[in-house]
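These notes concern the structure reproduced below.
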Amino acid sequence: MLAFGAGRAVRRVLHGAAAGAAAAMAIALVDLIGRDRLGNGGFTGHLTAISALFVAVGAGLMAAVVAATLAASWLVGGARRWLAFRRSDAVVAALVAATVAGALQKVVLHGPFAKLTSLVPVVGVLAAFVTVLVWRRRAERARRRRAVALHVVGSIVVGLGLLWLDLRVLRGRHSGAHLALELGAFFFFGGAIALATQRRAWVRRPVVVVGAAAFAWSALFFGSADQRRDRFIALSHLTADPSIAGNLYAQSLPLMGRVEGPAPARLDIERWQSGEHETTEQTESAARLRSGCVECNIVVYFVDTLRADTAADPDVMPAASFFTKSAIHFPQTYSTASDTLRALSSLLVGRYDGQPDEREGSVLRRVRSRGLDNALFISTSANDYLQAQLPEFRFDEVVALPDHSPDVEVWGYGADTPTGDAVARSALSWMNAHRDSRFFAWIYNFDLHGWRQMKDEHVGPVDEVARPDARYRAVAGLVDQSFRALIEGLEELKLADRTIVLMVSDHGEALGYRGFWTHSTFLWQSLIRVPLAIRVPGLEPREVTHQASLVDIAPTIARFVDPASNMSGFHGVDLMRFYVDPEAQRGLPLLLHASSEGKPTMYGVVSGGRKLILPSAGGPPLLHDLEGDDPDETDLATSEPNDTANLLDLLVASPIVAIQ
């Protein structure tokens, strides 16, 4: 009798493996709808690799749930009732709820909702437990063929609804919520398949055979590093793909282990602590270049979320486009990150790790220590956020102007009123009042960050059907008007001939690239290419084609604040080096960092015509050709193994990746 019960248990586990494999394949097929990125292997290669991965994970997961259910039911109900269907309801519900809770542990809420973060897994557990319990009870009572069919169809519809929510609403954001929705769809699909195939013996038998094959493949896949490596390399095009398959691929990397790349490296302390090397001749050349502007004022015009291509478009931002032609323009500038906090912190200290020099501190500290009058002009929501998250962003005076209704709580997102014009007017008024002193003014335009939430009355009529990014471009036009007002105001105040103006952004915006509309999480060109131009009185306009980084801004400003500033420790270079000597080279590579919910998602390095991307959880790196029409669609990692290995060595020994 015991042998008979054990046989039934094995068949149920294999039945579960078949249902899990089929459910996973269903998710893979849903992901194929509208997919245009299939990797170097084309449709066949993608489908083969994704099927192998999903079937292995799906069969293994569902088989584990069924086996755990049987074991727990036996322990709870006694040996005679260990296969009772009703007795296992609560056990199945608890297992699924625990799985969903594990995914929701990754969800981090911010701002006024931060205190609710701990409740997310709790709510998820309760919802999943009740849902599974109700589903199981109703499935138990479905005796007639029609009732079973309705239950199966209903489960499939709910699963599809969860995938739609995952793909359309949360695309690329909240990886934990992504995983929870995809797990929910998986269990609904798997439950529907199990229910549809368990009532007839002639159906169960072949299903058990399929389950045995799927279970065997799952065991082989999880037990063989070679099998995992081959599949992950074939699916490397999913590394930065905010799709169902891309998210599941990224989530599975920690489970698979690091299947490609070197072991974690130690930080090259000597190289990165000493920073960029500068020859005596370069130091003297930079000093001579600044000799005519030693007492110049400095104005930083910082635009949150402005893409480089938008700033260079004269149809969208004519004032910014004209400014770059009348200044020293760096058209090949990269951010250090695709989010504000990481990008701004590295900009302020001139280091990729965001750690200021122990003696000199950030560039703002140098400004204060040299006695320059200094002030920040910013919107209230941006100021509240940065004061809480980045204390180093500190000025002697702060003028914060309201960008939302006082009864609305805003944290990062939600500002609906432009402040660019008011910020520019306030800055000009302050500069006029401080014209007899040397000053440093930072103008923070936050309008473009809220391009989606800004009230229609401010944006004006836009046709987002004809051009989906029309609203972003319209708000960029408002930013341009504010910038024009600032430049013209400096002329009217007769301050232009003794004021350095630097225009820059922190990061870009995806604007629908691969279905993603915002920023952070990824390191696409649209997210990390930013505008950078410096107008220095007495220096001829010039386009400098060297690759530049936000870490170059701190050493450049530091030298304008004080030509004798100590340059040691900066990871960036004084950009005037490239103005003086077009043949000059930088000693350190450009580094990139992406994160989601406060945790790193990928790292990158740019050198010459290549950009290497490495997922933070492991997996094969991508090597992009920066000369391609769409660099992020290229992958030369296989065809250029030496370049890939060299850049990977640089990246893993850098301060954003290596263990110190």
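The values are calculated or read from the model by the stated rules, or taken from the named source; none is laboratory data. Computed from a prediction, not measured in an experiment: that's the story for all the values here. Glycine gets a Cβ as well: all are built from the backbone with ideal geometry, and neighbour counts include every protein chain shown. Protein only, heavy atoms only, side chains kept; ligands, DNA and RNA dropped before computing areas. Shrake-Rupley method; radii C 1.70, N 1.55, O 1.52, S 1.80 Å.
Of all residues in the stretch 338-365, how many are touching a His at 6+ places or on another chain (Cβ under 6 Å) and either under 16 Å from Thr305 (Cβ atoms) or free of Cβ contacts under 8 Å to residues at least 40 places away in the same chain (or both)?
Going through the stretch 338-365 one residue at a time, the tally reaches 3.
Just for the stretch 603-614: of the residues that are open to solvent by 10 Å² or more (accessible area, probe 1.4 Å) and not in a loop (DSSP other than H, G, I, E, B), which one is farthest from Pro589 (Cα to Cα)?
Leu614
Does any residue in the stretch 375-387 that is in a helix (DSSP H, G or I) come within less than 7 Å, Cβ to Cβ, of a residue that is of a type in the set (Val, Ile, Thr) and surrounded by fewer than 24 Cβ atoms within 10 Å (Cβ to Cβ) six or more places away or on a different chain, and which pairs are these?
Correct list of pairs: Ser381/Val410; Asn383/Val398.
List pairs: first residue in the stretch 480-509 and more than 20 Å from Gly538 (Cα to Cα), second residue of a type in the set (Asp, Glu) and in a helix (DSSP H, G or I) anywhere in the structure, Cβ distance under 6 angstrom, at least six positions apart or on different chains.
Within 6 Å, the pairs are Ser482/Asp421.
Somewhere in the stretch 650-659, is a residue at pLDDT below 90, touching a Phe, Trp or Tyr at 6+ places or on another chain (Cβ under 7 Å) and of a type in the set (Val, Ile, Thr)?
There is at least one residue in the stretch 650-659 that is at pLDDT below 90, touching a Phe, Trp or Tyr at 6+ places or on another chain (Cβ under 7 Å) and of a type in the set (Val, Ile, Thr).
Specify the residue that is nearest to Arg37 (Cα to Cα); the eligible residues are those in the stretch 584-608 that are modelled with pLDDT of 90 or more and in contact with a Pro (Cβ under 9 Å, 6 or more places away or on another chain).
Met602
Of everything in the stretch 253-290, what is more than 30 Å from Thr556 (Cβ to Cβ), open to solvent by 10 Å² or more (accessible area, probe 1.4 Å) and at pLDDT 60 or above? Give them in sequence order.
Pro254, the sole residue that qualifies.
So is Ser639 free of Cβ contacts under 8 Å to residues at least 12 places away in the same chain, open to solvent by 30 Å² or more (accessible area, probe 1.4 Å) and closer than 29 Å to Arg229 by Cβ or not?
So Ser639 passes the test.
Please note which helices (runs of 4 or more DSSP H) are completely contained in the stretch 461-567 and include at least 1 residues that are over 26 Å from the mean Cα position of the chain (by Cα).
Of the helices (runs of 4 or more DSSP H) lying wholly inside the stretch 461-567, those with at least 1 residues that are over 26 Å from the mean Cα position of the chain (by Cα) span 470-492, 553-561.
Within the stretch 388-399, restricting attention to residues that are acidic (Asp, Glu) and assigned to a loop (DSSP other than H, G, I, E, B), which residue is farthest from Ala441 (Cα to Cα)?
So, considering only residues that are acidic (Asp, Glu) and assigned to a loop (DSSP other than H, G, I, E, B), the one farthest from Ala441 (Cα to Cα) is Glu392.
Pro391 fails exactly one of the following numbered conditions: (1) closer than 15 Å to Phe302 by Cα; (2) open to solvent by 40 Å² or more (accessible area, probe 1.4 Å). What is the number of that condition?
(1)
Residues Arg368, Arg438: which one is in contact (Cβ under 8 Å) with a residue 12 or more places away in the chain, more than 21 Å from Ile487 (Cβ to Cβ) and either open to solvent by 70 Å² or more (accessible area, probe 1.4 Å) or charged (D, E, K, R) (or both)?
Arg368
For the stretch 340-356, give me each residue that is among the charged types (D, E, K, R) and surrounded by fewer than 21 Cβ atoms within 10 Å (Cβ to Cβ).
Asp353
Tally time: how many residues in the stretch 230-252 are surrounded by 18 or more Cβ atoms within 10 Å (Cβ to Cβ), part of a helix (DSSP H, G or I) and of a type in the set (D, E, K, R)?
1
Among what's in the stretch 148-161 and is hydrophobic (A, V, I, L, M, F, W, C) and open to solvent by less than 40 Å² (accessible area, probe 1.4 Å), pick the residue that is modelled with the highest pLDDT.
Ranking the qualifying residues of the stretch 148-161, first place goes to Val152.
From Arg586, Arg529, Arg542, grab the single residue that is over 16 Å from Met503 (Cβ atoms) and open to solvent by 20 Å² or more (accessible area, probe 1.4 Å).
The unique qualifying residue is Arg586.
Please verify whether Ala433 is open to solvent by 10 Å² or more (accessible area, probe 1.4 Å), in contact with a Gly (Cβ under 8 Å, 6 or more places away or on another chain) and not charged (D, E, K, R), treating the condition exactly as stated.
Answer is no for this residue.
Being assigned to a helix (DSSP H, G or I) and surrounded by fewer than 19 Cβ atoms within 10 Å (Cβ to Cβ) is the filter here, so list the residues in the stretch 218-229 that pass it.
Within the stretch 218-229, Ala219, Leu220, Phe222, Gly223, Ala225, Asp226, Gln227, Arg229 qualify.
Just checking, how many residues over the stretch 441-457 are assigned to a helix (DSSP H, G or I) and open to solvent by 60 Å² or more (accessible area, probe 1.4 Å)?
2
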